[in-house]
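Engineer: Got a structure here, written out as structure tokens. Questions coming.
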Amino acid sequence: MLLFRLLIAGLALVPLGLLVRGVLQGALGPDPGEVVTESLGLAAFQLLLATLAMTPLRRITGWPGWLRVRRQLGLFCFFYASLHLLAFLQFVVGWQDLTASFTKRPYILAGLVAFIILLPLALTSTRGMMRRLGKRWKRLHSGVYLAAVAAWVHFLWQARGDIGEMLAYGVILAVLLGLRLWWSAAVQKRLARPDRA
Ligand code: HEM
């Protein structure tokens, strides 16, 4: 399991490694700040999808190992989202008049919404918080679905031309959320069967 966790951590750090290499080699083009901001945002979104993929993978393959790396993936998503926000402030808008910066465009507001939902999830991701919050933990963490939709809207909305990539990610997100709805409907149906009454 340790090896699998290390593999996941190594893979999750690839986008950061590529960015650092790009910066050191001066290979990020004429607007490195924009490339850094975009790459960090994309990594955050990809890791959010990877986090959401763990439960379906567990159900489909039956292997419990997927669930053991879910928290790690979620925290890596938050790590990249935080760097993305910092890069936005440092390279895109600057640190003055934050209210104006966040409300400048609706897509930025959608990103902020996703970030604000992710923040308490990251802060309460420990076993201790899980125990302390009990049933409320699950309810709170189901906010991840809303965060994913807000992040996708943000991704789609910021597109300047071709939206093919955003739509492809949208299909993946729809499948990941759709599977959950389908499975939970199946459970409800089973519970509602007269022979279970
Ligand atoms: C306060 C929160 C956020 C702000 C202010 C923000 C801001 C931005 C900005 C300005 C861009 C466009 C970058 C450019 O064209 O130079 C962008 C793109 C993007 N952001 Fe965010 N964002 C936020 C949160 C998030 C979160 C939470 C996610 C995902 C979990 C995310 C994912 C993305 C993605 C996928 C892109 C497109 C990257 C690409 O074009 O490849 N953002 N964001």
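The values are calculated or read from the model by the stated rules, or taken from the named source; none is laboratory data. As the structure is a prediction and not an experimental result, all values here were calculated from the model. Cβ: placed from backbone, ideal geometry, glycine included. Neighbour counts: every protein chain shown.
Engineer: Within the stretch 18-42, restricting attention to residues that are among the hydrophobic types (A, V, I, L, M, F, W, C) and within 14 Å of the ligand (Cβ to nearest atom), which residue is farthest from Val93 (Cα to Cα)?
Structural biologist: Taking the stretch 18-42 and keeping what is among the hydrophobic types (A, V, I, L, M, F, W, C), we get 18-20, 23-24, 27-28, 35-36, 40, 42.
Still in the running and within 14 Å of the ligand (Cβ to nearest atom): 18-19, 28, 35-36, 40, 42.
On the way: Leu18: 24, Leu19: 20, Leu28: 19, Val35: 14, Val36: 14, Leu40: 16, Leu42: 19 Å.
Looking at residues that are among the hydrophobic types (A, V, I, L, M, F, W, C) and within 14 Å of the ligand (Cβ to nearest atom), I get Leu18.
Engineer: Please state which one of Phe45, Phe76, Phe91 is surrounded by fewer than 18 Cβ atoms within 10 Å (Cβ to Cβ), within 16 Å of the ligand (Cβ to nearest atom) and outside any loop (DSSP other than H, G, I, E, B). Walk me through how you get there before you give the answer.
Structural biologist: On the way: Phe45 fails: surrounded by fewer than 18 Cβ atoms within 10 Å (Cβ to Cβ); Phe76 fails: surrounded by fewer than 18 Cβ atoms within 10 Å (Cβ to Cβ).
Just one listed residue meets the conditions, Phe91.
Engineer: A follow-up question, please. Among the residues in the stretch 132-150, are any aromatic (Phe, Trp, Tyr) and either more than 8 Å from the ligand (Cβ to nearest atom) or assigned to a loop (DSSP other than H, G, I, E, B) (or both)? Spell out the reasoning first.
Structural biologist: Going residue by residue through the stretch 132-150, those that are aromatic (Phe, Trp, Tyr) are 137, 145.
From what's left, either more than 8 Å from the ligand (Cβ to nearest atom) or assigned to a loop (DSSP other than H, G, I, E, B) (or both): 137, 145.
The answer is yes, given that some residue of the stretch 132-150 is aromatic (Phe, Trp, Tyr) and either more than 8 Å from the ligand (Cβ to nearest atom) or assigned to a loop (DSSP other than H, G, I, E, B) (or both).
Engineer: Let me ask something else. Please name all residue pairs, on different chains or six or more residues apart, with Cβ atoms under 6 Å, provided the first residue is in the stretch 98-112 and is free of Cβ contacts under 8 Å to residues at least 60 places away in the same chain and the second residue is within 7 Å of the ligand (Cβ to nearest atom) and of a type in the set (A, V, I, L, M).
Structural biologist: That search, which allows pairs on different chains as well, returns Phe102/Ile108; Phe102/Leu112.
Engineer: Ok, one more. Looking at the stretch 7-19, I want the residues that are surrounded by fewer than 16 Cβ atoms within 10 Å (Cβ to Cβ) and have a partner that is modelled with pLDDT of 95 or more and not in a helix (DSSP H, G or I) with Cβ atoms under 6 Å, at least 6 apart or on another chain. Which pairs are those?
Structural biologist: Pairs that qualify, where the first residue is surrounded by fewer than 16 Cβ atoms within 10 Å (Cβ to Cβ) and the partner is modelled with pLDDT of 95 or more and not in a helix (DSSP H, G or I): there are none.
Engineer: Does the stretch 180-192 include one or more residues that are more than 12 Å from the ligand (Cβ to nearest atom), assigned to a helix (DSSP H, G or I) and under 17 Å from Leu49 (Cβ atoms)? Full working, then the answer.
Structural biologist: In the first step, residues of the stretch 180-192 are kept if they are more than 12 Å from the ligand (Cβ to nearest atom); the result is 180-192.
With the extra rule that they be assigned to a helix (DSSP H, G or I), the set shrinks to 180-192.
Narrowing further to those that are under 17 Å from Leu49 (Cβ atoms): 180-181.
Within the stretch 180-192, one or more residues are more than 12 Å from the ligand (Cβ to nearest atom), assigned to a helix (DSSP H, G or I) and under 17 Å from Leu49 (Cβ atoms).
Engineer: Take the residues of the stretch 115-131 that are outside any loop (DSSP other than H, G, I, E, B) and without any contact (Cβ under 8 Å) to a residue 12 or more places away in the chain: which is nearest to the ligand (Cβ to nearest atom)?
Structural biologist: Here is the first cut: in the stretch 115-131, the residues outside any loop (DSSP other than H, G, I, E, B) are 115-123, 127-131.
Within this subset, residues satisfying the condition of being without any contact (Cβ under 8 Å) to a residue 12 or more places away in the chain are 116, 123, 127-131.
Numbers: Ile116: 8, Leu123: 15, Arg127: 24, Gly128: 25, Met129: 21, Met130: 22, Arg131: 27 Å.
Top of the filtered list is Ile116.
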